[in-house]
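Enquirer: First the structure, which I've put down as structure tokens, then a few questions once you've had a look.
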Amino acid sequence: MASLYDRYVLPGLLKCGCSSKPVMKQRAKIVPRAEGRVLELGIGMGLNLAFYDAAKVASVTGVDPSPELREVAAAAPRDPALAVEVRDGSAEALPFDDGSFDCVVCTFTLCSVHAPDAALAEARRVLKPGGRLLYCEHGLSPDPKLARWQRFWEPLWKRMAGGCHLTRPVTSAIAAGGFRPEWTETMMLPGTPPIAAWNEWGVAVPS
């Protein structure tokens, strides 16, 4: 049943949540900042591809462990001039050499990887000297009352949303993972269930 759910039900739920108007507005704030050779962690359905600036990006390589999502990403809208490769892979064990990319893009991905610390370590490894991590993630709210509700609902949410966590910290985890945030912004996303609405985005460099 889990396989049938993952194949036929989960992609529709993810599309509904990950392509909502507030979420797409957040993607548009961070993805156009990418430059050079770009690696996207958890490319999913390729929802970021439409936001890359082909004049600044040499190529986008996206990794995702889901064959169903990779198939969708391969056909996702993008600038015809944008070179895109979608590959099987997990953020915790990237199949690339050290210093392979100018930029790593991570949007709404750290919530669902098995080991965020390992994913961030891999992002550092594959970045060239001077490379940047662009991130936009939902996570643990600083509001104690809302955080309690996030903890209450997380077990059910994870089962329904493909392993997505509600209570993972964002910028503090990125800093603990060996990055120095150059700037970060936060907000509660409108039109989003409050338990999943706390959002942090920014740019970080290896420290």
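Enquirer: Just give me the residues in the range 148-175 being at pLDDT 95 or above, farther than 25 Å from residue 34 by Cα and in contact with a Leu (Cβ under 6 Å, 6 or more places away or on another chain), in sequence order.
Expert: If the condition is that a residue be at pLDDT 95 or above, farther than 25 Å from residue 34 by Cα and in contact with a Leu (Cβ under 6 Å, 6 or more places away or on another chain), then 150, 154, 167 are the ones that fit.
Enquirer: Within the range 29-47, identify whether any single residue is of a type outside the set (A, V, I, L, M), at pLDDT below 95 and farther than 20 Å from residue 130 by Cβ, and answer yes or no.
Expert: yes
Enquirer: Can you spot a residue in the range 65-78 that is crowded, with 21+ Cβ neighbours inside 10 Å and either under 24 Å from residue 129 (Cα atoms) or not hydrophobic (A, V, I, L, M, F, W, C) (or both)?
Expert: no
Enquirer: Look through the range 94-142, keep the residues that are under 17 Å from residue 165 (Cβ atoms) and among the acidic types (Asp, Glu), and return whichever of them is least open to solvent (accessible area, probe 1.4 Å). Step through it out loud before you land on a result.
Expert: The initial filter retains those residues of the range 94-142 that are under 17 Å from residue 165 (Cβ atoms), namely 106-120, 135-142.
Restricting the remaining residues to those that are among the acidic types (Asp, Glu) gives 117, 137.
Values: 117: 112, 137: 1 Å².
Looking at the filtered set, the residue picked out is 137.
Enquirer: Say we look at the range 118-135 and pick out the residues that are more than 16 Å from the chain's Cα centre (by Cα) and basic (Lys, Arg); which of these is nearest to residue 60 (Cα to Cα)?
Expert: The selected residue is 128.
The values are calculated or read from the model by the stated rules, or taken from the named source; none is laboratory data. Because the structure is predicted, anything quoted here is derived from the model rather than measured. Ideal geometry is used to build each Cβ from the backbone, glycine not excepted, and the neighbour counts take in all protein chains shown. Quick note on the areas: whole protein, heavy atoms, side chains included, nothing else; ligands and nucleic acids left out. Shrake-Rupley method; radii C 1.70, N 1.55, O 1.52, S 1.80 Å.
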